[in-house]
1. Name the pairs: first residue in region 157-185 and over 25 Å from residue 8 (Cβ atoms), second residue surrounded by 13 or more Cβ atoms within 10 Å (Cβ to Cβ) and of a type in the set (Ser, Thr, Tyr), Cβ to Cβ under 9 Å, at least 6 apart or on different chains?
2. Quick one: how many residues across region 100-153 are part of a loop (DSSP other than H, G, I, E, B), within 11 Å of residue 187 (Cβ to Cβ) and of a type in the set (A, V, I, L, M)?
3. Sort out which residues of region 21-36 are open to solvent by less than 10 Å² (accessible area, probe 1.4 Å) and under 24 Å from residue 90 (Cβ atoms), and write them in order of number.
4. Within region 70-98, which residues are open to solvent by 30 Å² or more (accessible area, probe 1.4 Å) and under 22 Å from residue 294 (Cβ atoms)?
5. Filter region 111-125 down to residues that are modelled with pLDDT of 95 or more and either among the acidic types (Asp, Glu) or farther than 18 Å from residue 161 by Cβ (or both), then give me how many there are.
6. Within region 41-69, restricting attention to residues that are outside any helix (DSSP H, G or I) and closer than 17 Å to residue 5 by Cβ, which residue is least open to solvent (accessible area, probe 1.4 Å)?
7. Within the group 287, 294, 269, which residue is closer than 24 Å to residue 197 by Cβ, in contact (Cβ under 8 Å) with a residue 12 or more places away in the chain and either of a type outside the set (Lys, Arg) or in contact with a Pro (Cβ under 8 Å, 6 or more places away or on another chain) (or both)?
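The values are calculated or read from the model by the stated rules, or taken from the named source; none is laboratory data. Here the structure is a predicted model, which means the values were calculated and not measured. Because the Cβ atoms are built from the backbone with ideal geometry, glycine has one as well, and the counts that use them run over all protein chains shown. The area values use the complete protein model at the heavy-atom level, side chains included, leaving out ligands, DNA and RNA. Shrake-Rupley method; radii C 1.70, N 1.55, O 1.52, S 1.80 Å.
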Amino acid sequence: MVSISNEQKIGVVGAGLIGASWAGLFSAFGYETILYDPKKEAIDRAVSQIKGIWSSLENLHGKLENKKEIKTVDKLEELKECSFLQENCPENLDLKQALISDLEKIVSDETIIASSTSSFLPSELREMCDNPNRVLVGHPMNPPHLIPLVEIVMGEVDNSEMLNRVHNFYLSLHRKPVHVKKEMRGHLANRLTAALYREAVYLVSEGIADVADVDAVFSNGPGLRLALLGPHINYHLGGGTGGYRNYLEHLGPTQETRWKTLGEPSLTDEVKELLATGIEDQNIKVDDLISKRDKGLVEILKIKKENKF
């Protein structure tokens with residue numbers, strides 16, 4: 001179900017990979033969108049990407065009847081009338097704190113400032129704010145215009161009205177907003193992916209498998225199931241007629257045995273070289289792969305929608 005949001009003018013702060021994706025998404029669904037970046041080359045690159053973003057969204061959702069052109073600016077003051085800001089500057093805490101502090105001096109007291117940060121906590125982002133309670137995390141996964149998940153992290157702020165407002169805004173964009181109840185480094189998605197990635201690095205560093213084979217095992221095995229259902233419900237199905245309780249009772253001990261052998265690798269120069277070489281040896285054409293990935297994501301999302309996953 002897509003909710004109706006009262007937001008009118010949306011500011012996107014930072015025109016990098018994530019900012020361009022957000023801007024394409026916001027404008028596709030009829031929001032007046034202002035894209036800010038001090039670097040002209042970043043703006044130009046984002047503008048060239050947005051037509052492709054719109055094309056992917058039309059393939060997924062049909063004709064974008066309310067699509068609006070994006071306004072680009074290089075001065076923060078141009079964002080003063082925005083009711084919602086999505087911040088996407090580089091992952092540097094000092095930079096984010098200073099930028100958010102500057103933004104809140106420009107916009108209305110009612111303007112929400114959501115950060116796309118993948119690891120910083122709301123309490124950290126608010127440290128230099130005069131009005132900290134309207135600053136939160138709205139973390140997407142790349143690319144935001146296709147991956148539906150948005151993690152909303154309020155931290156210690158208990159404001160159901162603001163939470164509903166943010167939730168409804170993301171919902172109006174065909175996103176899947178999830179409220180993370182307590183702030184924690186990496187939120188939910190990046191903690192889960194970090195756990196998986198740590199073991200993927202360990203398996204390569206120990207010579208158990210090479211980079212390509214580790215990736216192949218995941219994308220052709222558990223990744224297929226996890227694209228449709230999460231880990232808990234997958235194991236519920238693995239428990240047969242007894243469900244999750246049966247699985248935990250009878251196969252839980254085997255999980256604990258595996259947990260005890262999971263690795264804790266370090267990204268030494270040697271390991272980084274091993275990982276990077278494992279990708280470079282595959283002679284991947286990045287632009288082609290991104291295009292194939294996005295087309296594949298659209299098809300997966302169509303299947304999930306049709307089958308109500």
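1. Partner pairs satisfying both residue conditions: 183/123; 185/119.
2. 2
3. Within region 21-36, 21, 22, 23, 24, 25, 26, 27, 33, 34, 35 qualify.
4. Correct list: 70 only.
5. Qualifying residue count, region 111-125: 9.
6. Here is the first cut: in region 41-69, the residues outside any helix (DSSP H, G or I) are 62-69.
The next check asks that each one be closer than 17 Å to residue 5 by Cβ; those that pass are 64-68.
On the way: 64: 15, 65: 140, 66: 108, 67: 82, 68: 90 Å².
Within region 41-69, the match that is least open to solvent (accessible area, probe 1.4 Å) is 64.
7. One residue alone meets the criteria, 294.
Residue-by-condition table, conditions (1) without any contact (Cβ under 8 Å) to a residue 40 or more places away in the chain; (2) open to solvent by 20 Å² or more (accessible area, probe 1.4 Å); (3) at positive phi; (4) out of contact with any helix residue (DSSP H, G or I) (no Cβ under 7 Å at 6 or more places or on another chain):
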{"position": "128", "(1), (2), (3), (4)": "yes, yes, no, no"}
{"position": "150", "(1), (2), (3), (4)": "yes, no, no, no"}
{"position": "189", "(1), (2), (3), (4)": "no, no, no, yes"}
{"position": "198", "(1), (2), (3), (4)": "no, yes, no, yes"}
{"position": "209", "(1), (2), (3), (4)": "yes, yes, no, no"}
